[in-house]
Amino acid sequence: MKVLVLYNNVLSVDKGEARDLVSAQGVAVAARAVAEALRPNHEVVCLPVDYEPSEVLAEYDAREWVVFNLLEGLGNRADLEPEAAAALGKLGFRHTGNPPRAIAICLDKARTKRMLESVNIPTPRYQVADEPAVHIDVPLPAIVKPVAEDASLGIDDGAVVTSRDELGARVEYVWRAYRQPVLVEEFIEGREFNVALWGNGTPECLPLAEIDYSAFPDPLRRICSYAAKWEPEREEYHLTPVSCPADVDPPLAGRIRGVAMSAYEAVGCRGYARVDMRERDGEPYVLEINPNPDISPDAGFPRAALAAGYDYQQMVERILSLAV
Ligand SMILES: Nc1ncnc2c1ncn2[C@@H]1O[C@H](COP(=O)(O)OP(=O)(O)O)[C@@H](O)[C@H]1O
Ligand SMILES: [Mg+2]
C-alpha cells in the first residue's frame, strides 16, 4: 500500500504552561515509529502538517494513498483536531482512526459525559464553570480540569481540592491559564484503569491496564498528573508504573470491558481509542475517552496490544487495516 503518515508539527504553545509543549511534541515520536514499522511492507511518506492538510496533500492522489492520521490538531491548535480529520475525508482520502464527530465529542469532556449519561454509562458527578464566579456544588474532594485538553494538561497536585476556597482559586487558575470553561468533577478514590480498544462497529477490548499508585499512601495524591506522564525528572513519573495485563477479578474485569465498549460505541469511535476509568465499590466510572490515543512505542496502547500478542509492527498494521 502507499501510506502517508500525517502528524502535526507543534513549535510553540499559546496558552497554559510552557512545559505543556513536551506533550504536544510527542506526536512526532509516534510518527517516526509508525513510519518505520510500515516501511518493510509499504511505500511510506512521513508528512508534517502546519495549518493546512490540503497544502501538503495536494501532490498525492487520494485513490492511491491512504493516510495514517496522527494529527492531534493543526499548528498549535489542539481544538482543530476534528477539522484535521474532516479535511482528510473532504479531500477523499481513506484514513486510519476516528471520524471527526467522535474526535469532537471526546475533545470536550463535558460533552462526552452528557452523551455517556444519556445512555446510562457511569461517569463522575460534575459541573462546568464557564467563568470563575459560577457557584459549584460538586461534593468535595473534587478535581478541577480544563474542559477540553488532554495529556493531563493543567493537572497537578493542586488540581485536587478539599475546600470551597481551594476550589474557587483553582477554577480561577485553570480558567485564566487555559482560557476555556473549567470542569469540576467529584474525585473518585479507587483504582484507575486504561482500556485500549480497536475496531469498526463493535470494538475488541485489549488487556486491561492499571496504574499502580501504591507509592502514594494519600489517596488524594493518586492521580496521573502532567509530571507523571511527561517529566522524567519528577518522582511521580517513576512512581506511577502501569501493570498490563492488570490483576483484576473476572467479574470486575467483565464490567470494565463492558463499560469501555459501550462508551466507545456511544460516542461513535472507529479505528482505535483508549477509555480512562476509575473504579469505586465495584462500579467503573468513565473519566474520558481518547480517540486516536498516543501510539508512541512506550505509550499505553502499544503496551496493551503487546499483552494481546501484537508486537508494534503488527499493531500498526492492524490500525492501518481498519482505515476507512
Ligand atoms: N474524577 C476523577 N477522580 C479521580 N481522579 C481523576 C478524576 N478525573 C481525573 N482524574 C485523574 O487525573 C488524570 C487525568 O484526567 P483525565 O480526565 O484522564 O484527563 P486527560 O485528558 O488529561 O488525560 C486521570 O488519569 C486520573 O488520574
Ligand atoms: Mg486521561
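The values are calculated or read from the model by the stated rules, or taken from the named source; none is laboratory data. Everything numeric here is computed off the predicted structure, so don't read it as measured data. Methodologically, a virtual Cβ is constructed for each residue, glycine included, from the backbone with ideal geometry; neighbour enumeration extends over all protein chains shown. The protein model used for the area step is the full one, side chains on, heavy atoms only, and it has no ligands, DNA or RNA in it. Shrake-Rupley method; radii C 1.70, N 1.55, O 1.52, S 1.80 Å.
The residues listed here are V171, V184; of these, the one that is on the phi < 0 side of the Ramachandran plot, open to solvent by less than 20 Å² (accessible area, probe 1.4 Å) and out of contact with any helix residue (DSSP H, G or I) (no Cβ under 8 Å at 6 or more places or on another chain) is V171.
Go through (1) within 26 Å of the chain's Cα centre (by Cα); (2) surrounded by fewer than 18 Cβ atoms within 10 Å (Cβ to Cβ); (3) in a loop (DSSP other than H, G, I, E, B) for E72 and report which single condition fails. Unmet condition: (2). May I ask you to say which residue of V275, V316 is within 16 Å of ligand 2 (Cβ to nearest atom) and among the hydrophobic types (A, V, I, L, M, F, W, C)? On inspection, the qualifying residue turns out to be V275.
For segment 143-168, residues that are away from ligand 2 (no atom under 16 Å from the Cβ), of a type outside the set (D, E, K, R) and either open to solvent by 30 Å² or more (accessible area, probe 1.4 Å) or in a helix (DSSP H, G or I) (or both) total 5. Quick one: would you say N98 is out of contact with any His (no Cβ under 8 Å at 6 or more places or on another chain) and in contact (Cβ under 8 Å) with a residue 12 or more places away in the chain? Yes; evaluated as a whole, the condition is true for this residue. Taken as a whole, segment 143-155 holds at least one residue that is within 13 Å of ligand 1 (Cβ to nearest atom) and over 30 Å from P99 (Cβ atoms). Within segment 216-234, residues that are more than 8 Å from ligand 1 (Cβ to nearest atom) reach partners that are part of a loop (DSSP other than H, G, I, E, B) and among the aromatic types (F, W, Y) with beta carbons closer than 9 Å, at six or more positions or on different chains, in the pairs P219/F187; P219/Y213; L220/F187; R221/Y213.
At least 1 residues being closer than 24 Å to V3 by Cβ, open to solvent by 50 Å² or more (accessible area, probe 1.4 Å) and small (G, A, S) is the threshold, and among the helices (runs of 4 or more DSSP H) wholly inside segment 232-324 those reaching it are 312-321. Kindly indicate whether any position in segment 277-294 is at pLDDT 95 or above, over 29 Å from R114 (Cα atoms), within 19 Å of the chain's Cα centre (by Cα) and of a type in the set (S, T, N, Q). Looking for residues that are at pLDDT 95 or above, over 29 Å from R114 (Cα atoms), within 19 Å of the chain's Cα centre (by Cα) and of a type in the set (S, T, N, Q), one finds none in segment 277-294, hence no. Take the residues in segment 107-125 that are outside any loop (DSSP other than H, G, I, E, B) and open to solvent by 10 Å² or more (accessible area, probe 1.4 Å); name whichever of them is nearest to L322 (Cα to Cα). Among them, the one singled out is L107. Set side by side, the residues A31, A24, A35, A84 differ, and just one is open to solvent by 10 Å² or more (accessible area, probe 1.4 Å) and at negative phi, which is A24.
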